[in-house]
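First up is the structure itself, then whatever we jot down about it.
The values are calculated or read from the model by the stated rules, or taken from the named source; none is laboratory data. This is a predicted model, so every value here is computed, not measured. Quick reminder, even Gly has a Cβ in these numbers, built from the backbone with ideal geometry, and neighbours come from all protein chains shown. Please note that ligands, DNA and RNA were not included when accessible areas were found on the heavy atoms of the full protein model with its side chains. Shrake-Rupley method; radii C 1.70, N 1.55, O 1.52, S 1.80 Å.
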Amino acid sequence: MRLLVVEDDPLLGDGLCRGLRALGFSVDWLSDGAAADAALGGTDFDLLVLDLGLPGRDGLDWLKRWRQRGVRVPVLILTARGDVAQRIAGLDAGADDYLVKPVQIGELAARVRAVLRRSHGRPEPVWRHGSLRYETESRRVFWEDREVELAPREVALLQVLLAHPQRVLSRTTLQDKLYAFEQDIDSNALEVHVHHLRRKLHPSVVRTVRGVGYALGAAMADDER
């Protein structure tokens with residue numbers, strides 16, 4: 001899933017990005033609310049990690065402005081402001097979760113996963129689709145109860161498809177979910193990932209919709225394989 005971290009502290013911002021990327025997330029990092037506002041206007045992020053003490057306009061003000069505009073991306077506030085009243089203000093302004101610095105990257109990642117599951121209407125930690133089982137915490141993938149080793153980008157693609165089981169996702173949408181701004185993308189990278197998922201799991205696990213994009217294949221029971 002693609003995250004946007006808005007944090008003005010360069011050491012903390014870099015550390016958050018490195019830690020979250022190591023756990024399989026695609027992460028972009030911006031240091032002020034105006035840049036984040038512009039990015040939200042052109043990119044479909046899955047979650048925003050927002051500091052409140054930003055230069056210029058305060059992060060809480062940006063959150064209120066986004067919610068008033070109808071921006072529905074889930075927001076996890078990560079800030080040094082830990083008073084109960086400040087936490088209440090952040091949640092009432094539209095945040096989906098609130099964490100106080102300092103925080104261990106493992107807890108942050110767990111909170112991110114929980115918010116993402118809720119935002120997709122799938123709060124359970126294990127996602128199933130016929131013979132396919134995906135454990136969101138460990139990012140382990142199973143087919144017919146046999147663990148299948150996938151590359152990180154293949155897991156990310158599978159997770160996006162599982163999060164939108166009834167949707168056909170365009171090539172552009174999938175690339176936006178999988179790659180951060182600064183990453184160079186080979187022209188056929190997405191097709192390669194799709195091919196690998198079909199080869200490692202089952203040919204029908206990803207369905208091609210010609211001229212549109214890709215979708216999760218029909219659920220297949222063990223005895224239909």
Taking the range 159-175 on its own, how many of its residues are surrounded by 17 or more Cβ atoms within 10 Å (Cβ to Cβ) and touching a residue at least 60 places away in the same chain (Cβ under 8 Å)?
3
Arg113: passes all of (1) of a type outside the set (A, V, I, L, M, F, W, C); (2) open to solvent by less than 10 Å² (accessible area, probe 1.4 Å); (3) assigned to a helix (DSSP H, G or I) but (2)
Six or more apart or on different chains, Cβ under 8 Å: which pairs go from a residue in the range 87-106 that's over 22 Å from His120 (Cβ atoms) and among the basic types (Lys, Arg) to one that's open to solvent by less than 30 Å² (accessible area, probe 1.4 Å) and at pLDDT 95 or above? Could you list them?
Arg87/Tyr98; Lys101/Leu78; Lys101/Thr79
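From Gly121, Gly94, which residue is on the phi > 0 side of the Ramachandran plot and touching a Phe, Trp or Tyr at 6+ places or on another chain (Cβ under 8 Å)?
Working: Gly121 fails: touching a Phe, Trp or Tyr at 6+ places or on another chain (Cβ under 8 Å).
Exactly one of Gly121, Gly94 is on the phi > 0 side of the Ramachandran plot and touching a Phe, Trp or Tyr at 6+ places or on another chain (Cβ under 8 Å), namely Gly94.
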Those residues of the range 15-36 which are under 18 Å from the mean Cα position of the chain (by Cα) and of a type in the set (Asp, Glu), in sequence order:
Asp28
How many of the residues making up the range 123-158 are open to solvent by less than 20 Å² (accessible area, probe 1.4 Å) and closer than 20 Å to Val27 by Cβ?
6
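For every residue, the table says whether it meets (1) of a type in the set (A, V, I, L, M); (2) without any contact (Cβ under 8 Å) to a residue 60 or more places away in the chain; (3) farther than 15 Å from Val75 by Cα; (4) surrounded by fewer than 21 Cβ atoms within 10 Å (Cβ to Cβ).
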{"residue": "Leu3", "(1), (2), (3), (4)": "yes, no, no, no"}
{"residue": "Pro10", "(1), (2), (3), (4)": "no, yes, yes, yes"}
{"residue": "Leu16", "(1), (2), (3), (4)": "yes, no, yes, no"}
{"residue": "Ser26", "(1), (2), (3), (4)": "no, no, yes, no"}
{"residue": "Gly33", "(1), (2), (3), (4)": "no, yes, no, no"}
{"residue": "Ala38", "(1), (2), (3), (4)": "yes, yes, yes, yes"}
{"residue": "Asp44", "(1), (2), (3), (4)": "no, no, no, yes"}
Could we say that Leu99 is touching a helix residue (DSSP H, G or I) at 6+ places or on another chain (Cβ under 8 Å), of a type in the set (A, V, I, L, M), open to solvent by less than 40 Å² (accessible area, probe 1.4 Å) and part of a strand (DSSP E or B) here?
yes
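When the range 194-217 is examined, which residues are found to be farther than 21 Å from Pro152 by Cβ and surrounded by fewer than 20 Cβ atoms within 10 Å (Cβ to Cβ)? Full working, then the answer.
Looking only at the range 194-217, we keep the residues that are farther than 21 Å from Pro152 by Cβ, and these are 203-204, 207-213, 215, 217.
Pro203, Ser204, Arg207, Thr208, Val209, Arg210, Gly211, Val212, Gly213, Ala215 - these are the residues of the range 194-217 that are farther than 21 Å from Pro152 by Cβ and surrounded by fewer than 20 Cβ atoms within 10 Å (Cβ to Cβ).
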Which of the strands (runs of 3 or more DSSP E) contained wholly in the range 1-79 include at least 1 residues that are within 22 Å of Asp92 (Cα to Cα) and at pLDDT 95 or above?
2-6, 47-50, 75-79
Within the range 86-143, which residues are within 19 Å of the chain's Cα centre (by Cα), within 30 Å of Gly53 (Cβ to Cβ) and of a type in the set (Asp, Glu)?
Asp96, Asp97, Glu107
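In the set Ala180, Ala221, which member is under 24 Å from Ala22 (Cα atoms), modelled with pLDDT under 90 and open to solvent by less than 50 Å² (accessible area, probe 1.4 Å)?
Working: Ala221 fails: under 24 Å from Ala22 (Cα atoms).
After ruling out the rest, the residue left standing is Ala180.
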Of (1) modelled with pLDDT under 90; (2) over 19 Å from Asp46 (Cβ atoms), Glu191 fails just (1)
Mind listing whichever residues of the range 47-72 are over 19 Å from the mean Cα position of the chain (by Cα), of a type in the set (D, E, K, R) and open to solvent by less than 40 Å² (accessible area, probe 1.4 Å)?
Asp58
